[in-house]
Amino acid sequence: MKRFFLRNSSGYVFLTPWFIGFFCLALGPILASLYLSFNRYDMVADPRFVGFDNYIYMFTRDRRFWKSLEVTFTYVALAVPARLIMALTVAMVLDKGLRTISFYRAIFYLPSLLGASIAIAILWRQLFLADGVVNKVLATVGFTGPSWITDPKTSLYTLVVLAIWQFGAPMLIFLAGLRGIPRDLYEAAEIDGTPKWRQFTRITLPLLAPVIFFNLVLQTIDSFKVFSPAFIISNGTGAPSDSMLVYTVFLFNEAFKFFRMGYASALAWVLLVIIAFFTALAFLSSRYWVHYENERD
Amino acid sequence: MNATSPDLTREMEEAAAVAHQLRIAREKRARGMRLLKHVFLIFFSLIMIYPLLWLTSASFKPENEIFSTLNLWPSEIKWQNYTEGWEGLPISFTTFFTNSLIVTVLSVIGNLLSCSFAAYAFARLQFTGRNFFFGLMMMTLMIPYHVVLIPQYVLFLNLGWIDTYLPLIVPKFLASDAFFIFLMVQFFRQLPRELDEAAMIDGYSVYKIYWIIILPLSLPAMATAAIFSFIWVWEDFLPPLIYLNDIKAYTVPLALRLFLASDGTSAYGQMFAMSVLSLVPVVLFFVLFQKLIVRGIATSGMK
Amino acid sequence: MSKFTRRSVLAGMGVAAAATALPAMPALAADRSIRHFWWGNPERDKRTFAVIDVFQKHHPEIAVSGETVGWGDYWTKMATQTAGRNMADLVQMDYSLLFEYARRGALKTLDEHIGNGLDLSNFDKGPLSGGYVDGKLYALNIGSNSQVMPLNARLLEEAGVTADPIVWTWDDYADACEKITTKTGVKGSDDLSLTTECQEVWSRQNGRGFYNADGTLGFTVEDVTDYWNYWAKLREAGLLRSKDKTVILDAPFAEGGMIMGETAMSMFWSNQIVGLQALMKDPVAAGMVPHKAGGKPGQFIKPSMFMSLTRDAKDVEAAIMYMSDWVNDPEATAILGLERGIPANPNVRAALAADFTPPEKVSVAYFDSIQDKVGDLPLPAPKGHNEVRDAYMRIGTDVVLGNKAVAEAAEEFVQTGTDILERAK
């Protein structure tokens, strides 16, 4: 019993900084945004309470809201798996004893360092316009590409390409995870003559599961909230024809360009519910495929 | 056996020859595979490094060439972009780099300490409400930052923190970034439970276990967190934009934007030159800290 | 937790952190202080900080904090500071957002300071009038500009375009496009289908504005249809910049067609000629937006930038003193030059004239030549203008890309614009 209290209290001690941060700095603004979502608020005059108007308008009358959902879901469905597979593949190639690993690791992280800077926006246009670098390369094999970045049918894919290409962060996390898998497990398997792909499914995947789970959850959350690449590349507009209008770009414009902070807050809470739903799904499913070392029997 | 039949000898010789050839073939194939792997990696690296080449080349170009040509090689090399860019704003970049370093280094320290605290509690300690608080923490990851911006601004304004670095740094010491907590939780949970139990029996307190067992054994995770933390704070834009007013307090990303104008006289060449320089601390930090992402001694030695 | 305890806990932490965090407070030697916030560019920032230094020299007792960010970030930060009731004492204001801020109560009127700290005795009346909202002065003009069609003089000469660009008509313009494209190989003009500023001039020539006096949409379906058809005809004839580049909205200035050598003519604001010339080798000339034969004057002269006093200003007297120096003090105005537009004080203009650079001369000569060819300044845009403009560009994109018929798109725009304005009320 005494030990229980000891353990209980030490948990709170370790959480103290987080408690202070959460209750003093984070919670207030979050609740304020929930309150504002029931107001009409132009940021200059005081907020005016309007009940559920913002939510009703969103679901019944705002076509751009639905469009932004469509764009965002497409983006998430394409970018998350592609980026994770890319990151895991490269991490595994790098993990398997190449002497030049730290060199390649740095190289592969470079695109992520550039983030969503102005340089990326200009570069992306130079790559993906009708007379851009990509089409010049394609022309050498006799293929005439469209103007990828300004054609509403293809522009979103250029964002997905950017996401795949900036796979540095999940790659690094996968690498750290792979480094945590004991070498001797593979050595034993090697002696038993277990084929490589089976080593992958029997050793790598299960032991990497917590890290895969982390990357899956975080990439999903981040992709639903994706802002900077779409904002920078479309000059803040989501153009052409709203094809790059991801949810948070829509939200940002509603808030700061059109002076509807109340409506934007309502949008934020709807997004939160959507993300929470998918995160909860991931957590529920994790019981079946993620097992932790310190919870083994 | 003192005599071997000639047939048998011949057969053995043939077999040996075949084996030899097979081995050579295998080695050839292996060498080929290795070569292929390197060729692939090098080709792949080119695609990866292209943006940096582009950025560097743009930083040496005359202003009108940046947009008008796809050629990576500038027609004339403009070093002035660097020399003039450094002093190209009303305040020198010496100040901006110093500011960024102060904010970033303090934030990294804050993040590592406070997030590992929280992560240790969530990953390895039992206490009432653990799942509830974990859920709350995850929620802070899900809300778009843009809608908490204004309430947070009002909060910091009331504290008298506007135009100081406090709104940028203090939250880092209060585990405000749930990403790092969750990341560390996942790694801490992978450490074998026997470690704590053994230490517990030896009379170690949970504080001591955290400090001398968990932290050192999670070096790869901590190094990863340090790298991300450094990069993200270094490149962070919106909070410094909102909280810093005085140009003397600006960080590098804010300063870089001052080169641009909506209506004409932008200085893209200088901006790109300073962007290249602003990558230097980040790359250095990355190279130094990635060395720490090594095979954990715990997991390989324990079994 | 009560507010009080929460604050004291935080304040305690703040002190602890402050010891290490080197707060960015400027060392204030003076006992009075004002903040001036503007959107800038490297050149403007340098000049503005120099003016602050001049002011400090004359008034060492008033510390001026200069705060600057770029145009896009400016409005985000401004909105946040407005919401937090922590606006700078003096802010730079744009004509398109003057109503948004003034009508919502974020700005203070200047009327009571005129002749009483704020010296406007030498000010031209025309430019001053742009700062009035509902009969009260909320914003001081710190530069004027007008629409302009910049022309690549070399290409126009090579192509043998002879029409006088100050009085030319839309037919002349189409003709010039034709000549330039066939004779020089460079496309005649940027495709201005998505440029609301040009559509506005077009509609004014038909006697309507962007908005009516009651804040409803002024453009009719017919205006928009005719305008889009005009450009569609030129586009189909291959006389305009490629449609891929046209549909990149709010693209960086430096990616413009004239700068990239893809076109010979475009449309900007007149104070941008200097910046444009800086990025081009060929000489830039200035023309008016083409006229409608027998139509009304379409262009107008408007304040390019304002300075406004905000509701959060603390030391109003000091702020007004700074504002007055800004438009009168010969030392300050000499530093500012034409960078923000043409000054409204004739004495200032006369003093500057001696040192004009060649592109500045082009800009001023253009400005003088259009004085009797422009119409009245329209009212500042109503609430919702940003969104109407976005809708115009979005729907216009479908037209340029050939995904929608012109008539159908024009109708959709007018409907959408009307709805937006209704919702923003």
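So C:ASP171 ticks every box in (1) surrounded by fewer than 19 Cβ atoms within 10 Å (Cβ to Cβ); (2) modelled with pLDDT under 95 but one. Which box is left unticked? Condition (2) is where C:ASP171 drops out. For the range B:268-303, a residue qualifies if it is small (Gly, Ala, Ser) and either at pLDDT 85 or above or on the phi > 0 side of the Ramachandran plot (or both), and the qualifying residues are B:GLY269, B:ALA273, B:SER275, B:SER278.
For C:TYR211, indicate whether it is of a type outside the set (Asp, Glu), crowded, with 16+ Cβ neighbours inside 10 Å and under 15 Å from C:VAL414 (Cα atoms).
Working: of a type outside the set (Asp, Glu): yes; crowded, with 16+ Cβ neighbours inside 10 Å: yes; under 15 Å from C:VAL414 (Cα atoms): yes.
Answer is yes for this residue.
The single residue among B:PHE67, B:PHE43 that is under 45 Å from the mean Cα position of the chain (by Cα) and within 9 Å of another protein chain (Cβ to nearest Cβ) turns out to be B:PHE67.
Across the range B:237-256, what is the number of residues that are crowded, with 20+ Cβ neighbours inside 10 Å, part of a helix (DSSP H, G or I) and within 7 Å of another protein chain (Cβ to nearest Cβ)? Can you show your working first?
As a first pass, look at the range B:237-256 and keep what is crowded, with 20+ Cβ neighbours inside 10 Å: B:240-245, B:247, B:249-256.
Imposing the further condition that a residue be part of a helix (DSSP H, G or I) reduces the set to B:240-243, B:247, B:249, B:252-256.
Checking which are within 7 Å of another protein chain (Cβ to nearest Cβ) leaves us with B:241-242, B:247, B:249.
Qualifying residue count for the region: 4.
Among the numbered conditions (1) within 14 Å of chain C (Cβ to nearest Cβ); (2) over 18 Å from A:MET244 (Cα atoms); (3) in contact with a helix residue (DSSP H, G or I) (Cβ under 9 Å, 6 or more places away or on another chain), the only one that A:ASP95 does not meet is (1).
Under the condition of being β-branched (Val, Ile, Thr) and surrounded by 20 or more Cβ atoms within 10 Å (Cβ to Cβ), which residue from the range A:252-297 is farthest from C:GLY417 (Cα to Cα)? For the range A:252-297, the residue satisfying everything is A:VAL290.
Tell me, please, whether a residue that is surrounded by 19 or more Cβ atoms within 10 Å (Cβ to Cβ) and either part of a helix (DSSP H, G or I) or under 19 Å from the mean Cα position of the chain (by Cα) (or both) can be found in the range A:185-201. Walk me through how you get there before you give the answer.
Just the residues of the range A:185-201 that are surrounded by 19 or more Cβ atoms within 10 Å (Cβ to Cβ), to begin with: none.
Looking for residues that are surrounded by 19 or more Cβ atoms within 10 Å (Cβ to Cβ) and either part of a helix (DSSP H, G or I) or under 19 Å from the mean Cα position of the chain (by Cα) (or both), one finds none in the range A:185-201, hence no.
State whether the residues of the range B:90-103 include one that is touching a residue at least 12 places away in the same chain (Cβ under 8 Å), away from chain A (no Cβ under 14 Å) and either in contact with a Pro (Cβ under 6 Å, 6 or more places away or on another chain) or assigned to a loop (DSSP other than H, G, I, E, B) (or both). Within the range B:90-103, one or more residues are touching a residue at least 12 places away in the same chain (Cβ under 8 Å), away from chain A (no Cβ under 14 Å) and either in contact with a Pro (Cβ under 6 Å, 6 or more places away or on another chain) or assigned to a loop (DSSP other than H, G, I, E, B) (or both).
Taken across the range C:234-253, residues that are within 14 Å of chain B (Cβ to nearest Cβ), surrounded by fewer than 22 Cβ atoms within 10 Å (Cβ to Cβ), among the aliphatic types (A, V, I, L, M) and in contact (Cβ under 8 Å) with a residue 12 or more places away in the chain do occur, with at least one present.
Restricting attention to the range A:192-233, which residues are of a type in the set (S, T, N, Q) and either in contact (Cβ under 8 Å) with a residue 40 or more places away in the chain or at positive phi (or both)? Passing the criteria: A:THR204, A:ASN215, A:GLN219, A:THR220, A:SER223, A:SER228.
Determine, yes or no, whether A:ARG260 is over 16 Å from the mean Cα position of the chain (by Cα), more than 30 Å from A:ALA119 (Cβ to Cβ) and without any contact (Cβ under 8 Å) to a residue 60 or more places away in the chain. The answer is no for A:ARG260.
Only a single criterion out of (1) surrounded by fewer than 22 Cβ atoms within 10 Å (Cβ to Cβ); (2) part of a helix (DSSP H, G or I) is not satisfied by C:ALA79, namely (1). The single condition from (1) in a helix (DSSP H, G or I); (2) more than 12 Å from chain C (Cβ to nearest Cβ) that A:THR144 fails is (1).
Quick one: which residue in C:ASN86, C:ASN122 is within 14 Å of chain A (Cβ to nearest Cβ), in contact (Cβ under 8 Å) with a residue 24 or more places away in the chain and surrounded by fewer than 20 Cβ atoms within 10 Å (Cβ to Cβ)? Steps first, please.
Numbers: C:ASN122 fails: within 14 Å of chain A (Cβ to nearest Cβ).
Result of the check over C:ASN86, C:ASN122: C:ASN86.
Could you tell me which residue of the range C:38-71 is nearest to C:ILE335 (Cα to Cα), considering only residues that are in a strand (DSSP E or B) and either within 8 Å of chain B (Cβ to nearest Cβ) or without any contact (Cβ under 8 Å) to a residue 24 or more places away in the chain (or both)?
C:GLY66
The condition (being farther than 20 Å from A:VAL270 by Cβ, in contact (Cβ under 8 Å) with a residue 24 or more places away in the chain and more than 8 Å from chain B (Cβ to nearest Cβ)) is satisfied by just one residue among A:ALA79, A:ALA45: A:ALA79.
From the set of residues in the range A:133-150 that are crowded, with 21+ Cβ neighbours inside 10 Å and of a type outside the set (Val, Ile, Thr), which is nearest to the chain's Cα centre (by Cα)? Spell out the reasoning first.
Step one: of the range A:133-150, the residues crowded, with 21+ Cβ neighbours inside 10 Å are A:147-150.
Among the residues that remain, those that are also of a type outside the set (Val, Ile, Thr) are: A:147-148.
Details: A:SER147: 27, A:TRP148: 23 Å.
Only one residue fits best here, namely A:TRP148.
Inspect all residues belonging to the range C:313-328 and state whether any of them is under 29 Å from C:TYR211 (Cβ atoms) and assigned to a loop (DSSP other than H, G, I, E, B). Within the range C:313-328, none of the residues are under 29 Å from C:TYR211 (Cβ atoms) and assigned to a loop (DSSP other than H, G, I, E, B). For the range C:368-415, the set of residues classified as away from chain A (no Cβ under 12 Å), of a type in the set (Gly, Ala, Ser), touching a helix residue (DSSP H, G or I) at 6+ places or on another chain (Cβ under 7 Å) and outside any loop (DSSP other than H, G, I, E, B) consists of C:GLY375, C:ALA407, C:ALA410, listed by residue number. Restricted to helices (runs of 4 or more DSSP H) entirely inside the range C:183-295, those with at least 3 residues that are in contact with a strand residue (DSSP E or B) (Cβ under 8 Å, 6 or more places away or on another chain) are C:196-205, C:273-278.
Could you check the range B:195-206 and list, in sequence order, the residues that are free of Cβ contacts under 8 Å to residues at least 60 places away in the same chain and part of a helix (DSSP H, G or I)?
Going through the range B:195-206, the residues free of Cβ contacts under 8 Å to residues at least 60 places away in the same chain turn out to be B:197-205.
Within the range B:195-206, B:GLU197, B:ALA198, B:ALA199, B:MET200, B:ILE201 meet the criteria.
Residue check: is B:PRO220 surrounded by fewer than 21 Cβ atoms within 10 Å (Cβ to Cβ), out of contact with any Pro (no Cβ under 7 Å at 6 or more places or on another chain), within 8 Å of chain A (Cβ to nearest Cβ) and touching a residue at least 12 places away in the same chain (Cβ under 8 Å)? No; evaluated as a whole, the condition is false for this residue.
Just to verify a result, which residue in the range B:174-195, among those that are more than 19 Å from the chain's Cα centre (by Cα) and at the interface with another protein chain (Cβ under 7 Å from one of its Cβ atoms), is surrounded by the fewest Cβ atoms within 10 Å (Cβ to Cβ)? Residue satisfying both the conditions and the ranking: B:ARG193. One residue stands out in the range C:373-425 among those that are without any contact (Cβ under 8 Å) to a residue 60 or more places away in the chain and β-branched (Val, Ile, Thr): the one that is surrounded by the most Cβ atoms within 10 Å (Cβ to Cβ), namely C:ILE395.
Quick one: would you say B:PHE132 is in a helix (DSSP H, G or I) and either in contact (Cβ under 8 Å) with a residue 24 or more places away in the chain or on the phi < 0 side of the Ramachandran plot (or both)? Walk me through it before giving the result.
Values: in a helix (DSSP H, G or I): yes; either in contact (Cβ under 8 Å) with a residue 24 or more places away in the chain or on the phi < 0 side of the Ramachandran plot (or both): yes.
Criteria met by B:PHE132.
The values are calculated or read from the model by the stated rules, or taken from the named source; none is laboratory data. Remember, predicted model here, so these are calculated numbers, not experimental data. Backbone-built Cβ (ideal geometry, glycine too); neighbour counts: all protein chains shown.
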